[in-house]
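The structure under discussion appears below in the form of structure tokens.
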Amino acid sequence: MRFWLRGVSRPRGPRSPVALLIGLSRLCHTGALPESHVLPSCQAAMSRVSPGLRLQTDFITGEEEQELCRELEPILRKRRYESGHWDDAIHGFREIERLNWSPGCSAVLQRVREEAFPSGQAQLSLVHVLDLQKEGYIKPHVDSVKFCGNTIAGICLLSSSIMRLVCVNSPEEWVDLLLPRRCLYIISGTARYDFTHEILRDEESFFNGEHVERDRRISVICRNLPAS
Ligand SMILES: O=C(O)CCC(=O)C(=O)O
Ligand SMILES: [Fe+2]
Ligand SMILES: [Mn+2]
């Protein structure tokens, strides 16, 4: 089911511990990205990703998170966590694609779709559910342009995490995004095509010098279809 992932191998250079914050507030002014949740390596990186990036904290309530987990847990539990091979994009994961949801979960997913996609836009009807174990992580990749359209929308359950976006052509341009548990993130445009995205493992999960505990994390992801 990993057909939409294209792994990108890249040596990791040292990163500046203090990201440049000058001009950040100006770029966050639309409210699409809470300033406190973004750390760019430079203004150039920030200007390039910010038009295509949105983050809404507390997009779902604790009850909605529980309802989603109650529905998903029995299905996920039947599968074993996979380790993946050296060139795979994801480690320590299990996943499903789900079409039919309970009314409560459907309502949440409808809200995600309305938030992320213009009405009438062709979307994948299957919702992708990715369960990362505490030790699991997602390596840098760009979602396949063949199977996935210009927008990726995910809600994050059970654990906060750091999503890192790195410019494919200039790796010194990167942006770290703090994804709190129960948030919605939307990646589109330049952020989707010209930057890889990854979810850091617990040992690397730092934001602004603070460890962001990476526990088991379930993401529920809606995508649109590529333009034909
Ligand atoms: O777990 C996430 O939020 C992102 C998953 C992802 O990047 C993918 O499945 O392509
Ligand atoms: Fe992805
Ligand atoms: Mn830890």
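Helix 62-76 versus the longest principal axis of the chain: what angle, 0 to 90°, nearest 10, using Cα atoms?
The angle comes out at about 70 degrees.
Rounded to the nearest whole Å², what accessible area per residue is found for the chain with the 1.4 Å probe? Each step should come with its number before you reach the end.
Working: 10900 Å² over 228 residues.
Result: 48 Å² per residue.
Residue 172 label point, 7 Å along Cα→Cβ, cut-off 13 Å on backbone N: hits in the stretch 35-79?
Within reach of a label on residue 172: 41-45.
For the chain, set up a GNM with springs between Cα atoms under 10 Å and report which of 99, 109, 39 has the largest fluctuation.
Highest fluctuation of the listed residues: 99.
Quick check on the chain: helices-only [θ] at 222 nm, where DSSP H runs of length 4 and up contribute -39,500 (n - 2.57) each and the sum goes over total residues. Nearest 500, please. Each step should come with its number before you reach the end.
Numbers: 5 runs with 45 residues, N = 228.
Helices in the chain give a 222 nm mean residue ellipticity of -5500 deg cm²/dmol.
With a 10 Å cut-off between alpha carbons and a GNM built on the chain, which of 210, 114, 198 moves the most?
Ranking 210, 114, 198 by mean-square fluctuation puts 210 first.
Please compute the contact order of the stretch 54-118 in relative form: average sequence separation of alpha-carbon pairs under 8 Å and at least six residues apart, divided by the residue count, as a percent.
It comes to 30 percent, rounded to a whole number.
Loop only per DSSP, at most 15 neighbouring Cβ atoms within 10 Å: give me the GluC sites (Glu not before Pro) in the stretch 30-79, ordered by residue number.
Values: sites: 35, 63, 64, 65, 67, 71; in loops: none.
Passing both the DSSP loop test and the Cβ count: no residue.
What relative contact order, as a whole-number percentage, does the chain give when Cα pairs under 8 Å and 6 or more residues apart are counted?
On the way: 485 pairs, mean separation 65.3, N = 228.
Averaging sequence separation for qualifying contacts and normalising by length gives 29 percent for the chain.
Report the label-to-label distance for residue 110 and residue 144 in nanometres (one decimal), using points 7 Å from each Cα along the Cα→Cβ vector.
Placing both labels 7 Å along Cα→Cβ, they lie 3.1 nm apart.
Considering the dipole of the chain built from charges on the beta carbon (Lys and Arg +1, Asp and Glu -1) around the Cα centre, which of 142, 37, 68 is farthest to its positive end?
142
Answer rounded, prolate or oblate for the chain, using the Cα gyration tensor with square roots of eigenvalues a ≥ b ≥ c: rounded when a/c is under 1.5, else prolate when a/b is larger than b/c, else oblate. Each step should come with its number before you reach the end.
Working: a/c = 1.43, a/b = 1.29, b/c = 1.10.
Rounded.
Ignoring the sites themselves, what is the longest stretch of the chain with no chymotrypsin sites (Phe, Trp or Tyr not before Pro) in a DSSP loop and at most 15 other beta-carbon atoms within 10 Å? Walk me through the intermediate numbers first.
Details: sites that count: 86, 147.
Here the longest run is 1-85.
Work out the charge dipole of the chain with +1 on the Cβ of Lys and Arg and -1 on the Cβ of Asp and Glu about the Cα centre, then indicate which of 90, 106, 184 is farthest towards its positive end.
Toward the positive end, the furthest listed residue is 90.
Which listed residue (220, 205, 175) has the Cα farthest towards the positive end of the charge dipole for the chain, taking +1 on Lys and Arg C-beta and -1 on Asp and Glu C-beta about the Cα centre?
220
Using a 10 angstrom cutoff on alpha carbons, build the Gaussian network for the chain and name the most mobile of 32, 122, 153.
Its mean-square fluctuation being the largest, the pick is 122.
Summarise the accessible area of the chain (1.4 Å probe, protein heavy atoms) by the percent that is carbon and sulfur.
Values: 5600 of 10900 Å².
With neighbouring chains kept in place, the figure for the chain is 51 percent.
For the stretch 101-223, just say rounded, prolate or oblate: build the C-alpha gyration tensor, square-root its eigenvalues into a ≥ b ≥ c, call rounded for a/c under 1.5, and beyond that prolate if a/b exceeds b/c, oblate if not. All intermediate terms of the calculation are to be shown ahead of the outcome.
Details: a/c = 2.07, a/b = 1.24, b/c = 1.67.
Oblate shape, in that a/c is at least 1.5 and b/c is the bigger or equal ratio.
The values are calculated or read from the model by the stated rules, or taken from the named source; none is laboratory data. Predicted model, so just to flag it, every value in this text is computed and none were measured. All Cβ positions, glycine included, derive from the backbone under ideal geometry; neighbour counts span all protein chains shown. Please note that ligands, DNA and RNA were not included when accessible areas were found on the heavy atoms of the full protein model with its side chains. Shrake-Rupley method; radii C 1.70, N 1.55, O 1.52, S 1.80 Å.
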